[in-house]
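The values are calculated or read from the model by the stated rules, or taken from the named source; none is laboratory data. Note that this is a predicted model, so its numbers are computed, not measured. Quick reminder, even Gly has a Cβ in these numbers, built from the backbone with ideal geometry, and neighbours come from all protein chains shown. Just so you know, the surface numbers come from the protein's heavy atoms only, side chains and all, with ligands and any DNA or RNA stripped out. Shrake-Rupley method; radii C 1.70, N 1.55, O 1.52, S 1.80 Å.
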Amino acid sequence: MEATKLTPKDFVTDQDVRWCPGCGDYSILKQVQTVMPELGLERENIVFISGIGCSSRFPYYMDTYGMHSIHGRATAVASGLKATRPELSVWIVTGDGDSMSIGGNHLIHLLRRNFDVNILLFNNEIYGLTKGQYSPTSPVGKVAKSTPMGSIDYPFNPLALCLGASSTFLARTMDRDPVHLREILKRGNTHKGTSLLEIYQNCNVFNDGAFEVFTEKSTKKAEALFVQQDKPLIFGANGEKGIKLDGLKPVVVDLNADGVSPDELWIHDEKDKTKATILINFFDDPAKEGHFPRPFGVLYEEMRFCYEDALALQMAEAIALKGEGDLDKLLKGNNAWTIN
Amino acid sequence: MTKTEIKNDVVILFAGDSGDGIQLTGTQFTNTAALYGNDISTFPNFPAEIRAPQGTLAGVSGFQLHFGSVEILTPGDASDVLVVMNAAGLKANLSQLKEGGIIVANSEGFDAKNLGLAKYPEGVNPLQNGSLDKYKVHSIDITKLTRSCLAGSGLSTKEMDRSRNMFVLGLVYWMYNRSMDSTIEYLKEQFKKRPELVEANVKAMKAGYHFGDTIEAPMTRYEVKAAVQERGSYRNIMGNQATAIGLVAAAKKMGLQLFYATYPITPASDILHELSKHKNFGVKTFQAEDEIAAITSAIGASFGGNLGVTASSGPGIALKGEAIGLALMLELPLVIINVQRGGPSTGLPTKTEQADLLQALYGRNGEAPVAVVAASTPSDCFHMVYEACRIAVEHMTPVFFLSDGYIANGAEPWKFPLAAELKDIHVNFAKNTLQPGEKYRPYKRDDKLVREWAIPGTKGLEHRVGGIEKENETGNISYEPENHELMVKLRQSKIDKIADYIPLQEIDSGPESGKLLVLGWGSTYGSIKTAAKEARLDGWDVAHAHLQYLNPFPKNLGAILLKYDRILIPEMNNGQLIKVIRDKYFIDAMGFNKIKGVPFTTAELKKKMTELSVKIRP
Ligand code: SF4
């Protein structure tokens with residue numbers, strides 16, 4: 001049977017999109033709807049599950065199956081769905097508060113179990129829906145509704161947290177770079193296992209410009225390091241800077257002045273956990289002297305068995321061993337007696 | 001010469017250190033008695049701590065069993081025979097022994113060290129100081145006798161001592177003239193790979209049996225004839241086991257995958273242990289990272305068209321509250337099992353209570369009605385959890401199934417059904433019957449007010465559900481005032497309508513109308529039934545009805561309550577069902593409450609029934 005040819009329009013619902021005008025969520029929705037037809041999936045086999053927060057309205061706007069669940073639990077809902085319906089393509093949409101504050105526990109456990117699902121983590125470093133409190137990714141000193149004197153909560157580096165939770169696919173992208181976003185969405189979909197996509201998303205109402213150094217033309221090239229498999233780490237306004245590994249110590253080199261050739265630079269390898277650990281920890285405040293650029297792209301990928309597959313194997317093994325369950329035998333047990 | 005007495009029923013309590021194999025001894029005697037044809041009811045009493053120090057009162061493990069030639073409905077108020085392996089076992093249980101009862105004591109467990117651990121004053125040994133004169137005491141050095149019968153077996157002293165429980169079991173088999181065959185079979189199976197242990201245990205058991213014949217101070221033997229039971233096939237079953245099997249049966253009958261997600265908690269974990277053995281039935285068990293993940297993953301599974309079930313005890317149920325609300329907004333099937341224990345907070349994890357009824361009925365934000373059913377006995381767990389699954393799927397709603405520590409761990413013979421005899425459960429996944437251009441309406445309802453179960457993978461029925469209030473029929477987000485009120489009322493009416501699909505309430509025993517009706521629910525069934533029967537034998541006008549459906553109530557309940565002068569509601573809580581009954585039927589019911597973490601005794605219930613009957617006598 002020929003697969004139905006779908007277009008981005010087929011993924012648009014009749015619901016009014018209710019995000020604030022100018023919110024980064026619009027771009028992400030658009031890119032997701034754009035790549036969907038290219039993924040070779042049937043619409044009825046796609047499920048979007050979200051928690052609570054601005055980003056979690058997402059499923060209402062995707063004409064697939066969807067559930068807008070409760071705060072922090074999308075990851076757990078998805079686990080149960082994927083465990084029982086492994087053939088479905090399951091997408092989790094969550095925010096920084098939803099996934100790392102109230103839902104932190106489920107996130108780390110989903111990652112270690114490595115269900116084959118995709119997590120779109122919209123990080124805007126703020127609580128938007130509740131109108132502007134600092135979040136677990138807000139930087140120290142963040143002045144928000146609940147922190148008039150500045151936040152004293154040390155923030156998570158989401159990718160470092162997820163790597164620590166044995167994530168098998170880690171990528172970072174941004175709302176303002178549609179091409180990159182689409183590429184990463186496709187990579188995430190291809191990965192067998194949990195893919196965690198951290199998407200920098202601008203909340204123009206409560207945290208405008210939180211990522212502008214990475215997203216705006218004037219600074220993007222210098223501050224954002226776009227990594228590609230087997231390619232050297234190069235950045236800078238004119239691609240004049242590179243990163244070299246001195247043992248395990250990363251060093252920024254000036255390609256013009258230091259006379260370093262690109263082959264001597266750190267060559268990106270998604271499969272190298274040690275390198276990924278160093279790369280993911282490029283998380284300095286861009287205002288800090290001598291800081292490293294923030295990496296974007298697929299930072300780490302590993303192949304590991306998925307929970308739902310291991311479960312299916314055990315089920316098959318149990319049947320091979322004991323035969324298909326016989327209810328009458330189960331009801332009877334091992335110690336039955338009869339009264340005549 | 002030993003003499004033999006005939007008895008209608010006997011309560012034996014085995015007690016000793018948790019390492020003494022007490023539970024095994026009790027279970028073996030239970031199986032043998034059941035096979036013989038006695039009616040039986042049992043209850044284990046585990047220490048609260050896993051590794052309580054040996055020999056201490058905190059470390060006492062007990063197993064009470066009540067068997068007879070008559071109908072047996074409870075593990076018994078007090079015991080006729082107390083078998084104790086050490087001083088702590090005696091001290092912890094002596095108050096439960098009937099006057100004139102028999103004590104079989106392992107005298108080696110009453111040395112200075114054990115007496116000290118059991119907190120007897122220095123120099124006091126109850127076996128020797130005459131304090132037990134009102135009982136028939138058999139002090140036997142079981143340790144020494146076991147060791148000497150196993151001398152030359154090549155086993156270490158420690159290993160030999162592990163067979164002491166078999167010596168005791170043999171002796172008790174002798175007392176009640178029971179065959180050792182089924183235990184021998186069990187031992188052969190259990191120690192398949194260690195024939196030397198089979199031999200030692202059988203030898204110790206036989207030594208115990210023959211010791212009865214040769215004992216110098218003669219022991220009485222008893223005859224407890226087989227009970228007259230309905231014809232049919234029986235097995236012995238514990239409540240948690242019955243719950244697990246009930247879930248498997250329901251899933252199998254509906255042709256759905258069972259997804260059981262839970263987080264370890266006493267006293268519900270045994271359901272998980274049992275279910276995890278049945279993967280060949282398509283049962284998927286999921287030990288979640290916490291209680292919330294357990295229920296929300298079950299909701300995910302239900303969304304996908306599976307039978308999603310979660311279980312816990314009170315504290316865990318409290319954590320699940322928000323998600324129960326989600327499930328009822330989504331109108332998806334979900335079974336929530338609460339094996340109740342003493343509360344609040346951590347409360348009394350290993351003790352029993354019925355104090356989570358109001359939590360099940362009301363413990364959520366907003367107007368959030370769900371169906372609630374409860375089991376009355378260990379085997380009734382099978383039937384009622386099966387009913388919970390049926391209601392959940394046929395009415396697209398979360399359903400609470402309430403059990404408690406008492407019936408979860410208690411056991412009784414069960415006349416088990418054949419698979420073919422089980423009620424059919426109708427699962428109707430939505431099919432795409434849309435006309436071109438027609439939009440799917442996920443919240444369109446049938447005449448039961450139930451919406452369709454449209455599962456992912458069904459082409460053309462793609463739709464979104466969520467916890468936000470939704471517009472009637474379309475399911476779209478709606479903040480309209482009129483719509484919200486309508487939806488709240490619809491969700492309530494949907495639950496109320498379940499009353500049309502459950503059995504009418506019956507009077508369990510006693511007159512159909514009259515002076516006193518005792519209305520119970522849950523695990524108090526056996527003791528209320530026994531007490532009511534005894535009260536009637538004394539000439540009192542007492543009837544007993546027991547609720548299995550707590551929300552909605554059976555349609556005829558109100559009419560039944562009007563047929564009696566007084567309604568007595570005994571509960572192992574501070575009065576919960578009574579609040580609901582008073583609220584719903586404006587009936588001045590009387591409560592009788594016990595909140596001690598232990599079940600009602602038949603005697604205290606009978607006393608209450610009698611007192612009340614005296615008062616309402618014309
Ligand atoms: S509050 Fe912020 S994140 Fe939320 S919709 Fe508005 S702009 Fe977007």
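If I filter segment B:40-58 for residues that are closer than 25 Å to A:Thr338 by Cβ, of a type outside the set (Ser, Thr, Tyr) and in contact (Cβ under 8 Å) with a residue 12 or more places away in the chain, do I get at least one hit? Among the residues of segment B:40-58, at least one is closer than 25 Å to A:Thr338 by Cβ, of a type outside the set (Ser, Thr, Tyr) and in contact (Cβ under 8 Å) with a residue 12 or more places away in the chain, which makes the answer yes.
Please verify whether B:Leu82 is in a loop (DSSP other than H, G, I, E, B) and surrounded by 19 or more Cβ atoms within 10 Å (Cβ to Cβ), treating the condition exactly as stated. Working first, answer last.
On the way: in a loop (DSSP other than H, G, I, E, B): no; surrounded by 19 or more Cβ atoms within 10 Å (Cβ to Cβ): yes.
Answer is no for this residue.
Residues in segment B:101-116 that are assigned to a helix (DSSP H, G or I) and out of contact with any helix residue (DSSP H, G or I) (no Cβ under 7 Å at 6 or more places or on another chain): B:Ser107, B:Ala112, B:Lys113, B:Gly116. Any residue in segment A:4-23 that is within 20 Å of the chain's Cα centre (by Cα), free of Cβ contacts under 8 Å to residues at least 40 places away in the same chain and within 16 Å of the ligand (Cβ to nearest atom)? No: segment A:4-23 contains no residue that is within 20 Å of the chain's Cα centre (by Cα), free of Cβ contacts under 8 Å to residues at least 40 places away in the same chain and within 16 Å of the ligand (Cβ to nearest atom).
Elements of the type helices (runs of 4 or more DSSP H) sitting completely within segment A:202-303 and holding at least 2 residues that are open to solvent by less than 30 Å² (accessible area, probe 1.4 Å) and modelled with pLDDT of 95 or more: these cover A:212-215, A:273-280.
Pull up segment A:152-201, narrow it to residues that are within 16 Å of the ligand (Cβ to nearest atom) and closer than 12 Å to A:Leu121 by Cα, then point me to the one that is surrounded by the most Cβ atoms within 10 Å (Cβ to Cβ). This residue is A:Gln201.
Checked against (1) surrounded by fewer than 23 Cβ atoms within 10 Å (Cβ to Cβ); (2) in contact with an Asp or Glu (Cβ under 8 Å, 6 or more places away or on another chain); (3) in a strand (DSSP E or B); (4) at pLDDT below 95, B:Gln54 passes all but condition (3).
For B:Leu490, the conditions (1) assigned to a strand (DSSP E or B); (2) over 22 Å from the mean Cα position of the chain (by Cα) are fulfilled apart from (1). All of (1) crowded, with 24+ Cβ neighbours inside 10 Å; (2) within 30 Å of B:Glu485 (Cβ to Cβ); (3) among the acidic types (Asp, Glu) hold for B:Glu394 with one exception: (1). State whether one or more residues within segment A:90-112 are open to solvent by less than 10 Å² (accessible area, probe 1.4 Å), within 8 Å of chain B (Cβ to nearest Cβ) and within 16 Å of the ligand (Cβ to nearest atom). Within segment A:90-112, not a single residue is open to solvent by less than 10 Å² (accessible area, probe 1.4 Å), within 8 Å of chain B (Cβ to nearest Cβ) and within 16 Å of the ligand (Cβ to nearest atom). Applying a threshold of 7 Å to beta carbon distances and a minimum spacing of six or more residues, or different chains, the list of pairs starting in segment B:257-269 at a residue that is modelled with pLDDT of 95 or more and ending at one that is acidic (Asp, Glu) reads B:Tyr263/B:Asp290; B:Tyr263/B:Glu291. Of all residues in segment B:307-326, those that are facing chain A (nearest Cβ under 10 Å) and farther than 20 Å from A:Gly72 by Cα have Cβ atoms under 6 Å from Cβ atoms of residues that are open to solvent by 10 Å² or more (accessible area, probe 1.4 Å) and at pLDDT 95 or above, 6 or more apart or on another chain, in B:Leu307/B:Leu256. For segment A:113-128, the candidate set comprises residues that are touching a Lys or Arg at 6+ places or on another chain (Cβ under 7 Å) and open to solvent by less than 10 Å² (accessible area, probe 1.4 Å); within that set, the residue that is farthest from B:Gly300 (Cα to Cα) is A:Asn114. Pairs are defined by a Cβ separation below 8 Å, a sequence spacing of at least 6 or placement on different chains, a first member in segment A:72-85 that is over 12 Å from B:Phe286 (Cα atoms) and within 7 Å of another protein chain (Cβ to nearest Cβ), and a second member that is polar (S, T, N, Q) and in a loop (DSSP other than H, G, I, E, B); the pairs so defined are A:Val77/A:Ser69; A:Arg85/B:Asn306. Any residue that is more than 28 Å from B:Asn409 (Cα to Cα), assigned to a loop (DSSP other than H, G, I, E, B) and either in the same structural domain as B:Asn8 (by TED's automatic domain parsing) or open to solvent by less than 10 Å² (accessible area, probe 1.4 Å) (or both) - is there at least one of those in segment B:179-200? Within segment B:179-200, one or more residues are more than 28 Å from B:Asn409 (Cα to Cα), assigned to a loop (DSSP other than H, G, I, E, B) and either in the same structural domain as B:Asn8 (by TED's automatic domain parsing) or open to solvent by less than 10 Å² (accessible area, probe 1.4 Å) (or both).
When the helices (runs of 4 or more DSSP H) confined to segment B:221-310 are screened for residues that are under 22 Å from B:Thr350 (Cα atoms), those reaching at least 3 such residues are found at B:239-254, B:269-275. Against the criterion of being open to solvent by 20 Å² or more (accessible area, probe 1.4 Å), more than 10 Å from chain B (Cβ to nearest Cβ) and within 16 Å of the ligand (Cβ to nearest atom), A:Ser27 qualifies.
Can you report the number of residues in segment A:33-55 which are small (Gly, Ala, Ser), open to solvent by less than 40 Å² (accessible area, probe 1.4 Å) and either more than 16 Å from the ligand (Cβ to nearest atom) or more than 9 Å from every other protein chain (Cβ to nearest Cβ) (or both)? Qualifying residue count for the region: 3. Among residues belonging to segment B:3-51 that are polar (S, T, N, Q) and open to solvent by 50 Å² or more (accessible area, probe 1.4 Å), point out the one that is farthest from B:Lys158 (Cα to Cα). By that ranking, first place goes to B:Asn8.
Looking at segment A:129-151, which of its residues are assigned to a loop (DSSP other than H, G, I, E, B), within 16 Å of the ligand (Cβ to nearest atom) and open to solvent by 10 Å² or more (accessible area, probe 1.4 Å)? Within segment A:129-151, A:Leu129, A:Thr130, A:Lys131, A:Tyr134, A:Pro136, A:Lys142, A:Lys145, A:Ser146 meet the criteria.
In the set B:Ser302, B:Ser233, only one residue is open to solvent by 10 Å² or more (accessible area, probe 1.4 Å) and within 14 Å of another protein chain (Cβ to nearest Cβ); that residue is B:Ser233.
Screening B:Thr25 with (1) within 26 Å of B:Thr530 (Cα to Cα); (2) β-branched (Val, Ile, Thr); (3) in contact with a helix residue (DSSP H, G or I) (Cβ under 7 Å, 6 or more places away or on another chain) gives one miss only, at (1).
Taken over segment A:305-340, residues that are surrounded by fewer than 16 Cβ atoms within 10 Å (Cβ to Cβ) and more than 7 Å from every other protein chain (Cβ to nearest Cβ) amount to 12.
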